[in-house]
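This report refers to the structure that appears directly beneath it.
The values are calculated or read from the model by the stated rules, or taken from the named source; none is laboratory data. Values in this document were obtained by computation on a predicted structure and should not be read as measured data. As a convention, Cβ positions derive from the backbone with ideal geometry for all residues, glycine included, and neighbour counts pool all protein chains shown.
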Amino acid sequence: VTLSEGARAGTGRELGMLDSLLSLGGLVLLRDSVEWEGRSLLKALVKKSALCGEQVHILGCEVSEEEFREGFDSNINNRLVYHDFFRDPLNWSKTEEALPGGPLGALRAICKRTDPGPVTIALDSLSWLLLHLPCTTLCQALHAVSHQDSCPGDSSPVGKVSVLGLLHEELHGPGPVGALSSLAQTEVTLGGTKGQASAHILCRRPRQRPTDQTQWFSILPDFSLDLQEGPSVESQPCSDPHIPPVDPTTHLTFNLHLSKKEREARDSLILPFQFSSEKQQALLRPRPGQATSHIFYEPDAYDDLDQEDPDDDLDI
Amino acid sequence: MAAVATCGSGAGSPGSAVATASKSNVTSFQRRGPRASGTNDSGPRLVSIAGTRPSVRNGQLLVSTGLPALDQLLGGGLAIGTVLLIEEDKYNIYSPLLFKCFLAEGIVNGHTLLVASAKEDPANILQELPAPLLDDNSKKEFDEDVYNHKTPESNIKMKIAWRYQLLPKMEQIGPVSSRFGHYYDASKRIPQELIEASNWHGFFLPEKISSTLKVEPWSLTPGYIKLLQFIQNIIYEEGFDGSNPQKKQRNVLRIGIQNLGSPLWGDDICCAENGSNSHSLTKFLYVLRGLLRTSLSACIITMPTHLIQNKAIIARVTNLSDIVIGLESFIGSERETNPLYKDYHGLIHIRQIPRLNNLICDESDVKDLAFKLKRKLFTIERLHLPPDLSDTVSHSSKQDLAESTKRLGPGCGMMAGGKKHLDF
C-alpha cells in the first residue's frame, strides 16, 4: 500500500484507523506541539479503552491527578488505576504508598502482573520521563514493556500491552524523538489547519511497509472521539506563504517559450532531409519543360582539363 | 589448487615424466597429495570448508553473503575475518532481509551461527529465515538454460537469436554459481529441520543484563562488554581461532549483530549528539575486528545510522568496518512517485570496499544500483534510464525524467541530464 493509496482508501477504512490504534498493541507515540495539544486525544483514547473493558494504568507525571480525571465520568474514573508522580516526584515524603523505583519501577511492576487480559498504559508524559531519565534506559524499559508478550504465537489477545505515550516534540532534539519513533509501532502526529485538528497516523508493522493516513477529528467535551472529513479543498493554503517561488524565466531579453502558433508552425515543418511521400511524388512526377537533365559546365582559366587518364603512368 | 593440478595432469609436465619412466625406483619427485586431517597445516594450503572459496584476486577465503548479486558487487563475497556493515533504511524493512539471508546461507552451508540482538529473541530471528531455493530453480548445471529461471514471467524461447537466451533478461548483476551462494525465497520460511540440524548460539541482551550497572565513562557500555565476552568465548571454545587443534573439521563462524548502536543496546549515540559514551561503539568495533581477524569468522552488522546524531561517529564507524553498504528505501520520500524509480524499492550505496593484501580494491564500475523486493526474490539491478524515444515521447514526461536524473551518477548516462524546461 503506497502512501497515495492509503490516502485514497474508502471511508470505512479511514475512520477505522484512529479507532484501531489500541488494537495493534505496542508503543503508540502521540506527538503534539504547542498549537495542537495532545492530552485531550490521550484522554479520549484512555476513555475508549476503559469502555472496552481493558485495564488502564496511568502514569501521571506532568499534571495533577485531579486535572487528569477532570471530564471523565465516574464509571471511567473507577476503572483507571492512577500512579501519581506529580505530587512527589522525588519521593521526599517517604510514605508507604510511594512506588519504589520511580516511574520505571511502576512500569516493570505493571508488566509483572499475573492476570491475563489486555492492558493499556498511558504515559503522561513521555517528555517528562525523557527529561528525568536517561534516554537509553527509557527506551529499553519501553521495549521490554511493549514486547512482553512476544512469544512465538504472539497474536493472542491475552496479555497484549498497549503503551500510549504523549511526547511534546518541541521539547526535544531530533535524537530522542528519532530513537522513540523507531521503537514505536504507531506514531500519531497532531496538526491541523484553521481550527480543525488532524492526526497523521503512521503505522509500522514489523515486516511490512509502513502505512500512513491523515484523519481529521475533534474531541467532544466528554472526551469521545468524533471523526470528521477534512476541510474543503479550496481552503487549503498554498505550500509556503513566506517564500514566494522565484521564477528565473521572467524579465528575460530573449524568448524561452514558444507561443501556440509558433509551436504549430514548428511541428508542421518538414525537415529538409526527411523523405516524405509528397517529396517522393514531386521527384517522380516529370517536371514540366524538362525531359532530361543536363549539366552545363564552363571551364575557367585555372582548370586543367586533360583528357588523359593519370593512372596510365603507373607501372603495375 | 593450481599446483596440485599440474602435478596430477600427467603427460605434459617433466616431473611426472620422470616419475613414469622409473616407476619401480623411489624417485625424488614425490607426488604431493592431500594430507590427512589437519594436525599441522602449515604453508599456503587452501582450506576446503564448505561454502567458501578463495578469491581469484587476492587469495582471501570468501564466504557468500546470501545474495549472489551482492557477492558479485563485493568482488566475489565477504572475506573471512572482515565485517560487513549495513546501514539500515529508515523504516527497517529491507536490512533485516539481508541480515537473514546471511544467516540462512550459513545454515545451508553448515556454518556455525552466532546471532546477537537487543530487540528480538535470536530464536525468533532464526524461525523467520527465508527458505533456500534448492530445487529446479537452483543453478546446479551450467549447460541448461538456467537464465530463463530468473525471469519466470517470460518463457519465450527465441528461435533466431537463440544465443541471446543465455544472457540475463535485465542487467541483473551476478552470474549464477552453484555451490557458492544460494537464492532465497523471501516468502517462505526455512524448514525447521535445517534449523535444528544447525549449530547456533544466541545472545539476547535483556536476558544477559538484568540490572543497571554503573558505567564508567571511559569504558564500553555493559551490553557491548558482554557481547564481546560472549563472542570471544564461542570462538575459543569451538576452536575457530585454531586453539583446539584436535578439531577434525574446520568450520566458519558467522556472526550477526542486529541494530547495533540503537538505544536498546544501552548506547546513546542515537539520542544525543555528545553523549557520555560516544566512543563505546567505535571501541567495540575495534575489538570485534581484532577478534575476527584472528579467527575463521565473518560478521554482519546492521546499524541504524540514520538515527546517529553525530556525523563524525558515522565516519569513524565506516573506517572501522571493512565493507559498508547503505540501503535507502523510497518509502515516504518524494522519490516514491518519481517515474524514474517506479520499478524499484530503493537504492543501494556501496560506501566502502576493503583492500585486503592489495594495493587496489575491487571496485565495480556500476555505481547506481537499485534493489527491489519481489514477492520471492530480492534483486539488485543497475539503475537504467528508460529509453529516450524522442519522436514519440511527449515533452512533459521528458522533463520529469530530466529533473530526476540530476541525482544519478555519471555512470548512468548524461543524455537526459541537465535539460531544463526549454522549448528549443
Under 7 Å by Cβ, and 6 or more places apart or on different chains, what pairs join a residue from segment A:234-259 that is surrounded by 10 or more Cβ atoms within 10 Å (Cβ to Cβ) with one that is among the aliphatic types (A, V, I, L, M) and modelled with pLDDT of 75 or more?
A:249/A:256
For residues that are crowded, with 20+ Cβ neighbours inside 10 Å and among the polar types (S, T, N, Q), tally how many sit in segment B:307-330.
3
If I ask for residues that are under 26 Å from residue B:235 (Cα atoms) and part of a loop (DSSP other than H, G, I, E, B), which ones from segment B:75-106 would you list?
B:76, B:77, B:80, B:81, B:82
Does any residue of segment B:263-283 turn out to be surrounded by fewer than 20 Cβ atoms within 10 Å (Cβ to Cβ) and under 25 Å from the mean Cα position of the chain (by Cα)?
yes
I'm trying to understand the selection: among the residues of segment B:249-297, which are aromatic (Phe, Trp, Tyr) and closer than 19 Å to residue B:206 by Cα?
B:265, B:284
Can you work out which of the residues in segment A:1-41 that are basic (Lys, Arg) and at pLDDT below 70 is surrounded by the most Cβ atoms within 10 Å (Cβ to Cβ)?
A:13
Among the listed residues A:106, A:122, identify the single one that is touching a Leu at 6+ places or on another chain (Cβ under 7 Å), at pLDDT below 90, more than 13 Å from chain B (Cβ to nearest Cβ) and closer than 18 Å to residue A:81 by Cβ.
A:106
Looking at segment A:206-224 only, could you name the residues that are acidic (Asp, Glu) and more than 14 Å from chain B (Cβ to nearest Cβ)?
A:222
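Pick from segment A:168-183 the residues that are part of a helix (DSSP H, G or I) and free of Cβ contacts under 8 Å to residues at least 40 places away in the same chain: which of them is surrounded by the most Cβ atoms within 10 Å (Cβ to Cβ)?
Step by step, filter segment A:168-183, then rank; the result is A:182.
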When restricted to B:92, B:124, the only residue within 11 Å of another protein chain (Cβ to nearest Cβ), without any contact (Cβ under 8 Å) to a residue 24 or more places away in the chain and either more than 15 Å from the chain's Cα centre (by Cα) or at positive phi (or both) is B:124
Answer yes if at least one residue in segment B:331-350 is surrounded by fewer than 19 Cβ atoms within 10 Å (Cβ to Cβ), within 22 Å of residue B:105 (Cα to Cα) and not basic (Lys, Arg), and no otherwise.
yes
Restricting to segment B:95-121, count the residues that are within 14 Å of another protein chain (Cβ to nearest Cβ) and either without any contact (Cβ under 8 Å) to a residue 24 or more places away in the chain or polar (S, T, N, Q) (or both).
2
A careful count of residues in segment B:305-336 that are β-branched (Val, Ile, Thr), closer than 20 Å to residue B:268 by Cα and facing another protein chain (nearest Cβ under 10 Å) gives 1
Considering every residue within segment B:338-356, establish whether at least one is within 14 Å of another protein chain (Cβ to nearest Cβ) and free of Cβ contacts under 8 Å to residues at least 12 places away in the same chain.
yes
Is it true that residue B:304 is in contact with a Cys (Cβ under 9 Å, 6 or more places away or on another chain), under 25 Å from residue A:182 (Cα atoms) and buried (at least 17 other Cβ atoms within 10 Å of the Cβ)?
yes
Qualifying residue in segment B:267-288 (condition: under 29 Å from residue B:377 (Cα atoms), modelled with pLDDT under 85 and in contact with a helix residue (DSSP H, G or I) (Cβ under 9 Å, 6 or more places away or on another chain))
no
Only one of (1) at pLDDT 85 or above; (2) out of contact with any helix residue (DSSP H, G or I) (no Cβ under 9 Å at 6 or more places or on another chain); (3) surrounded by 14 or more Cβ atoms within 10 Å (Cβ to Cβ) fails for residue B:371. Which number is that?
(2)
Could you check, for segment A:88-101, whether at least one of its residues is away from every other protein chain (no Cβ under 14 Å) and touching a Ser or Thr at 6+ places or on another chain (Cβ under 6 Å)?
no
Residue in segment B:253-287 that is nearest to residue A:171 (Cα to Cα), counting only those that are within 12 Å of chain A (Cβ to nearest Cβ), polar (S, T, N, Q) and in contact with a Ser or Thr (Cβ under 9 Å, 6 or more places away or on another chain)
B:262
Checking residue A:76 against (1) closer than 27 Å to residue A:144 by Cβ; (2) outside any loop (DSSP other than H, G, I, E, B), only one condition comes out false. Which one?
(1)
Counting only residues that are surrounded by fewer than 20 Cβ atoms within 10 Å (Cβ to Cβ) and part of a loop (DSSP other than H, G, I, E, B), which one in segment A:184-205 is nearest to the other protein chains (Cβ to nearest Cβ)?
A:205
